[in-house]
Amino acid sequence: MHTSDVAVIGAGIIGLSAAHALQETGLSVTVYDRGSPGTGQSTGTSRLFRHAHDDARMIDLAVRARLLWDAWSAEFGTELVSTDGAVALGESAARRFVALGAHPGTTVRALDAAELRSVMPVLADYEGPAMFDERAGAIRTHAAIDALAGKLRGSLIIDPVLAIRPLGTGGVEVRTGANVSSHGAVVVCAGQGTAALAAAAGISVPVRVTAHARSSFRVREPGLTTLPNLQDGSGAFGETGVYAAAYPDRSAMGLGTSAEVAPNEFGGVSDPGMLAAVADQAAAYVSRALPGLDPEPIGYVHCWVTTLPWGDDGVAIWQADNTFFLMGHNLFKHAPVLGEALAQSVTESAVPELFRPESMLGASDTDQA
Ligand SMILES: Cc1cc2nc3c(=O)[nH]c(=O)nc-3n(C[C@H](O)[C@H](O)[C@H](O)COP(=O)(O)OP(=O)(O)OC[C@H]3O[C@@H](n4cnc5c(N)ncnc54)[C@H](O)[C@@H]3O)c2cc1C
């Protein structure tokens with residue numbers, strides 16, 4: 001007898017989405033996390049939902065994910081993605097949005113300077129290319145994590161997983177700090193912890209782990225009726241690769257740049273001064289580009305992020321017998337479809353082709369937030 005049909009390791013947005021999708025198929029699940037749900041890479045108040053991706057397969061998945069987010073909003077009785085849209089600045093963004101315009105299920109349009117001012121009043125004057133993705137928005141991260149974790153109450157165990165071992169019977173053993181359990185299959189969505197568990201199963205995940213800093217800035221004038229997310233690749237304000245996720249209540253924006261800090265050989269931050277400098281860079285950008293925000297940070301997210309070699313939006317699922325390992329970056333927006341893909345991997349005992357590493361899903365030529 002197994003403890004449950006499937007063990008899910010990691011209660012970030014991906015593990016919770018996978019557990020939800022597995023339960024929908026009628027399978028019983030146990031979710032393990034070393035801490036509270038949503039405290040790894042899924043931490044923080046908001047995330048950008050955007051359709052724009054270099055890889056057209058990711059746009060298809062984003063269109064489906066947006067519908068699933070709506071379905072979850074209906075199921076949980078709370079809006080999980082705002083309807084404020086997303087603004088993208090710069091030539092590369094304009095190119096991506098032109099491709100999006102032809103894509104069924106997306107609604108994008110170019111903005112002239114006057115329209116941009118009315119859609120995004122916190123932004124300084126800007127005359128270059130600007131695009132607006134109407135079906136984009138800010139993901140209410142806490143609401144999403146709470147809703148999914150709430151549904152899994154009773155199946156969630158706070159205990160670190162040390163080892164996963166295939167059993168001769170076809171099942172998989174999971175050894176935690178205080179327990180031994182067995183399951184028909186295991187899904188590993190442990191973020192930064194995934195590569196270590198995969199290595200023990202003989203799989204080498206080619207992940208790059210770096211420290212990322214995001215700072216939050218208060219909106220000066222309360223009462224905005226709209227606050228879209230922002231991606232700025234224009235360089236007009238002295239930075240490229242800037243993203244800003246609006247708080248769902250429009251009171252602030254969480255803003256980061258593409259700068260990242262390498263780990264040292266023990267897994268700590270190699271250069272703490274550089275991490276501080278990255279946060280300062282965000283504040284300096286706000287002073288130049290976003291006069292509608294107070295450049296004094298009101299909060300920080302410092303976090304390890306996990307990136308695959310083929311792009312900042314890269315994602316894949318590796319398989320070893322009945323164990324499935326998901327790894328990638330910028331995954332929050334795609335969580336509902338990634339949960340489905342993991343559930344399908346378990347029920348079919350095989351990873352769908354699109355999500356296998358050789359498909360290089362999310363490949364890009366240029367880095368983006
Ligand atoms: C600042 C920031 C901004 C971002 N912006 C965006 C954005 O705008 N849009 C977007 O789509 N994405 C964005 N991302 C990326 C997105 O947030 C992540 O890709 C996503 O949250 C990853 O979720 P996850 O469930 O895979 O991993 P995590 O949230 O890291 O969850 C993994 C969980 O596994 C647990 N765990 C690890 N090892 C073990 C173990 N051995 N035993 C038990 N538990 C274990 C951890 O405690 C953790 O809770 C951003 C990320 C950051 C950090």
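Only helical runs count toward this figure. For the chain, summing -39,500 (n - 2.57) over DSSP H runs of n ≥ 4 and dividing by all residues gives -8500 deg cm²/dmol at 222 nm. Ordering 97-104, 22-29 by mean Cβ neighbour count within 10 Å, with the highest value first, yields 22-29, 97-104. Averaged over its residues, the chain has an accessible area of 40 Å² per residue, based on protein heavy atoms and a 1.4 Å probe.
Taking the alpha carbon gyration tensor of segment 78-123, what are the square roots of 5 times its eigenvalues, largest first, to the nearest whole Å? List each step's numbers first, then the result.
Numbers: eigenvalues 68, 65, 15 Å².
Over the Cα atoms of segment 78-123, the ellipsoid semi-axes are 18, 18, 9 Å.
Springs join every pair of Cα atoms under 10 Å in this Gaussian network model of the chain, and among Ser17, Ser73, Ser234 the largest mean-square fluctuation is at Ser73. Translational diffusion of segment 226-369, estimated by Stokes-Einstein from the Kirkwood radius over alpha carbon pairs at 25 °C in a medium of 0.890 mPa s, is 141 µm² per second.
Surface composition of segment 302-369: carbon plus sulfur atoms contribute 45% of the solvent-accessible area (1.4 Å probe, protein chains only, all chains present). The radius of gyration of the Cα set in segment 47-94, together with its Dmax, comes out at 12.5, 39 angstrom. Compared with the dominant Cα axis of the chain, that is its longest principal axis, helix 13-24 is turned about 50°. One equal scatterer on each Cα of the chain, no solvent, Debye formula: the resulting log10 I(q)/I(0) at q = 0.07, 0.08, 0.09, 0.14 Å⁻¹ is -0.30, -0.39, -0.49, -1.16.
Express the carbon and sulfur contribution to the solvent-accessible surface of segment 111-262 as a percent, rounded to the nearest whole number, probe 1.4 angstrom.
Details: 3180 of 6140 Å².
Carbon plus sulfur share of accessible area: 52 percent.
GNM remark for the chain: springs join alpha carbons under 10 Å apart, and the peak mean-square fluctuation among Thr78, Thr257, Thr307 falls on Thr78. Where the alpha-carbon atoms of segment 91-149 are placed on the principal axes, they occupy 44, 30, 17 Å, in descending order. The Cβ shell under 13 Å around Pro263 holds other residues with a net charge of -2, Lys and Arg each +1, Asp and Glu each -1. Within the listed set Gly267, Gly241, Gly137, the residue fluctuating most in the Gaussian network model of the chain (springs between alpha-carbon atoms under 10 angstrom) is Gly267. Taken along the Cα-to-beta-carbon direction at a fixed 7 Å, the label points for Asp159 and Glu265 span 3.6 nm.
The values are calculated or read from the model by the stated rules, or taken from the named source; none is laboratory data. Fair warning: this is a prediction, and the values are worked out from it, not measured in the lab. Cβ sites come from the backbone with ideal geometry, for glycine too, and all protein chains shown count toward neighbours. Calculation scope for accessible area: heavy atoms of the full protein, side chains included, ligands and nucleic acids excluded. Shrake-Rupley method; radii C 1.70, N 1.55, O 1.52, S 1.80 Å.
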